[in-house]
Amino acid sequence: TGLEWIVGPDRNMNYAQAVQWVAGCNVVGGGWLMPTRQQLKTLYQKGVGECNMDPSFKTTGWGVWAEPRDSSSAWAFSFSTGNEYCSTRDDSHKLRAFGVRSRSR
């Protein structure tokens with residue numbers, strides 16, 4: 001896909017915590033961004049690993065935060081169902097942070 005991924009801490013996070021973690025992530029030179037729903041969808045592989053994604057993505061969460069929707073909600077992607085959904089920014093149940101960036105050539 002031409003993308004590099006980094007998996008955030010394996011703990012429940014609300015949207016603000018996820019944004020803060022991604023913005024502060026300096027691993028391998030930094031430059032990490034919040035993923036879009038479409039980018040997250042490329043990771044979904046039904047029946048693969050424990051959370052329908054490559055097992056190298058070590059997480060026990062079933063949802064990953066994506067882009068904002070409005071001032072009180074944001075998009076997320078469910079690896080349980082393979083669908084995007086909208087949630088309040090205060091929600092944190094089984095939601096995780098992943099960072100994404102373009103792969104250096």
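Things worth noting here:
- Dipole of the range 1-104 [Lys/Arg +1, Asp/Glu -1 at C-beta], most positive-end residue of GLN20, TRP32, TYR85: TRP32
- The distance from the alpha carbon centre of the range 51-72 to that of the range 1-17 is 7 Å, rounded to a whole number.
- The range 1-45, Cα convex hull volume normalised per residue, Å³: 95 Å³
- Net charge of Cβ neighbours under 11 Å - reference TYR44; Lys, Arg +1; Asp, Glu -1: +1
- Taking every C-alpha pair closer than 8 Å and separated by at least 6 residues, the mean separation divided by the residue count of the chain gives a relative contact order of 41 percent.
- With every protein chain in place, the range 31-91: carbon and sulfur % of accessible area (1.4 Å): 50 percent
- For the chain, the mean projected area of the C-alpha convex hull, equal to one quarter of the hull surface, is 6.1 nm².
- Net charge dipole, the chain: roughly 220 debye, given to the nearest 20, about the Cα centre with Cβ charges of +1 for Lys and Arg and -1 for Asp and Glu.
- In the context of the full set of protein chains, residues of the chain present 55 Å² of accessible surface per residue (probe radius 1.4 Å, heavy atoms only).
The values are calculated or read from the model by the stated rules, or taken from the named source; none is laboratory data. Bear in mind the structure is a predicted one, so any value in this text is a computation, not a measurement. Note that each Cβ is placed from the backbone with ideal geometry, even for glycine, and that neighbours are counted across all protein chains shown. Areas reflect the complete protein model, heavy atoms only, side chains present, ligands, DNA and RNA absent. Shrake-Rupley method; radii C 1.70, N 1.55, O 1.52, S 1.80 Å.
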